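To start, the structure itself, in structure tokens.
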Amino acid sequence: MYILLVAGGFPQKRYPLNGIFEFDQAKALAAVGHKVVFAAIDLRSIHRWRKWGYERFDRDGVLVRIINIPVGAVPKPWLDTIGKITFKHLYSRIEAEFGKPDIVHAHFFEVSLMVADFCKKEKLPLAITEHSSNINTLRATKNDIERAKRAYSVADKIIAVSNALKEMIKFHTGIEVLVVPNVVDLKAFTSYTSTKRSDREINKFLFVATGNLILSKGFDLLIDSFFDVVMTYPNTFLYIFGDGPMHNELVLQVKSLRIEKNITFMGRRPREELAKVYSIANAFVLPSLSETFGVAYIEAMVSGLPVIATQCGGPEDFVTPQTGLLIPINNRKALTDAMIYMINHRLEYHGEIISTYALNRFSPENVASQLTEIYNNIVKTTLKNKNVI
């Protein structure tokens with residue numbers, strides 16, 4: 001099947017998370033034999049450095065075609081209009097090169113809105129995967145809900161990346177959607193062996209946390225709770241991976257608590273470097289306030305780490321008593337108690353079981369198979385409707 005996958009960006013060295021969920025999915029689909037063209041509409045501001053204009057190259061079995069236009073923070077109606085014009089231009093290049101796709105798959109309602117009207121006009125089957133935290137909240141704005149509904153109304157099928165997001169979409173729009181998790185590129189994290197963890201010093205414990213250093217990830221709460229843990233267990237350590245606007249504030253918080261020897265800020269690192277640290281760590285912790293999915297938890301679990309997660313939307317789908325602990329959001333005592341529990345019950349978590357569970361649920365092959373079934377059903381229905389007409 002020929003799939004045109006549309007995203008709002010492409011992961012590059014300077015911005016490795018830009019379009020990462022979408023491109024991981026594209027690689028997974030290509031790996032099981034689909035022809036995949038990855039169409040990226042990058043309308044970020046001029047301050048986000050990249051090559052302007054049109055780019056074309058192949059990467060990991062995927063045909064990548066990008067248009068980069070420095071637009072940035074403009075009124076949303078302007079952004080939607082610019083996006084629609086940009087997609088039409090990008091599509092014309094792609095169709096001239098590869099022909100008409102069997103199906104278009106767009107990610108996030110903002111990008112999907114740029115694609116929807118064109119697909120309707122050209123009678124192109126359209127699937128939409130929603131990840132947006134702007135929708136995954138009771139405080140979603142009326143404007144975002146209306147924009148999402150306009151995109152969804154054109155789609156043949158809407159997919160959410162978690163059950164919590166599915167329920168929130170239904171709450172805001174009344175629309176029933178399917179659930180298919182994100183593809184997680186797991187190759188770097190499959191190096192877990194039981195000998196690594198059994199050889200660790202029993203009197204030390206290393207937590208790792210990974211995420212953008214922003215308010216919604218709960219790192220300020222994590223540092224406060226970790227301080228409480230260190231007061232009782234001084235040989236406990238925390239490595240924080242990631243970068244973001246709260247970096248300096250969090251560093252000062254650690255210094256004010258005088259636990260600089262216990263907490264290390266690792267910065268943003270590639271997956272391979274994360275995996276090396278995960279292989280010597282004891283547990284993963286991230287007290288997010290909101291997650292539509294939670295890739296960081298999955299990567300840790302594939303490495304064999306038990307996780308501490310909050311009941312924030314995504315983790316409820318995959319954190320079980322065998323794989324970790326679920327706690328309420330924004331609760332310092334619950335987080336402190338969970339870390340202490342993990343320290344005292346470390347031998348009750350089995351890395352091989354955790355890793356196998358995560359691999360079976362979130363492997364690229366598994367997710368690609370689910371998506372292929374959805375695509376086939378959409379295309380069959382489309383052909384059936386054409387024949388009836």
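Against the conditions (1) at pLDDT 95 or above; (2) in a loop (DSSP other than H, G, I, E, B), Arg65 satisfies every one except (2).
Quick one: in the range 18-35, which of the residues that are in contact with a Gly (Cβ under 8 Å, 6 or more places away or on another chain) and not in a helix (DSSP H, G or I) is surrounded by the most Cβ atoms within 10 Å (Cβ to Cβ)? Among them, the one singled out is Gly19. Take the range 268-324 and flag every residue that is among the acidic types (Asp, Glu), in contact with a strand residue (DSSP E or B) (Cβ under 9 Å, 6 or more places away or on another chain) and in contact (Cβ under 8 Å) with a residue 24 or more places away in the chain. Within the range 268-324, Glu291, Glu299, Glu316, Asp317 meet the criteria. As a summary of the residue check, Pro321 satisfies the conditions (1) crowded, with 23+ Cβ neighbours inside 10 Å; (2) in a loop (DSSP other than H, G, I, E, B) except for the one numbered (1). Right, Ile67: without any contact (Cβ under 8 Å) to a residue 12 or more places away in the chain and over 22 Å from the mean Cα position of the chain (by Cα) or not? It is false that Ile67 is without any contact (Cβ under 8 Å) to a residue 12 or more places away in the chain and over 22 Å from the mean Cα position of the chain (by Cα).
Selection over the range 217-249 of residues that are surrounded by fewer than 20 Cβ atoms within 10 Å (Cβ to Cβ) and in contact with a Gly (Cβ under 9 Å, 6 or more places away or on another chain) gives a count of 3. Is it true that Asp42 is over 22 Å from Leu371 (Cβ atoms) and under 19 Å from the mean Cα position of the chain (by Cα)? Here the answer is yes, as Asp42 does meet what is asked. Would the range 193-213 turn up any residue that is modelled with pLDDT of 95 or more, surrounded by fewer than 16 Cβ atoms within 10 Å (Cβ to Cβ) and polar (S, T, N, Q)? Within the range 193-213 (the criterion being modelled with pLDDT of 95 or more, surrounded by fewer than 16 Cβ atoms within 10 Å (Cβ to Cβ) and polar (S, T, N, Q)), the answer is no, since none of the residues qualifies.
The lone criterion from (1) part of a loop (DSSP other than H, G, I, E, B); (2) small (Gly, Ala, Ser); (3) crowded, with 17+ Cβ neighbours inside 10 Å left unmet by Ala275 is number (1).
Going through (1) more than 27 Å from Ser132 (Cα to Cα); (2) outside any loop (DSSP other than H, G, I, E, B) one by one, Val285 falls short only on (1).
Restricted to the range 283-318, and to residues there that are farther than 26 Å from Leu347 by Cβ and among the hydroxyl-bearing types (Ser, Thr, Tyr), the residue that is surrounded by the fewest Cβ atoms within 10 Å (Cβ to Cβ) is Ser290.
The values are calculated or read from the model by the stated rules, or taken from the named source; none is laboratory data. Remember, it's a predicted structure, so these values are computed and weren't measured experimentally. Every residue, glycine as well, gets a Cβ built from its backbone with ideal geometry; the counts of neighbours run over all protein chains shown.
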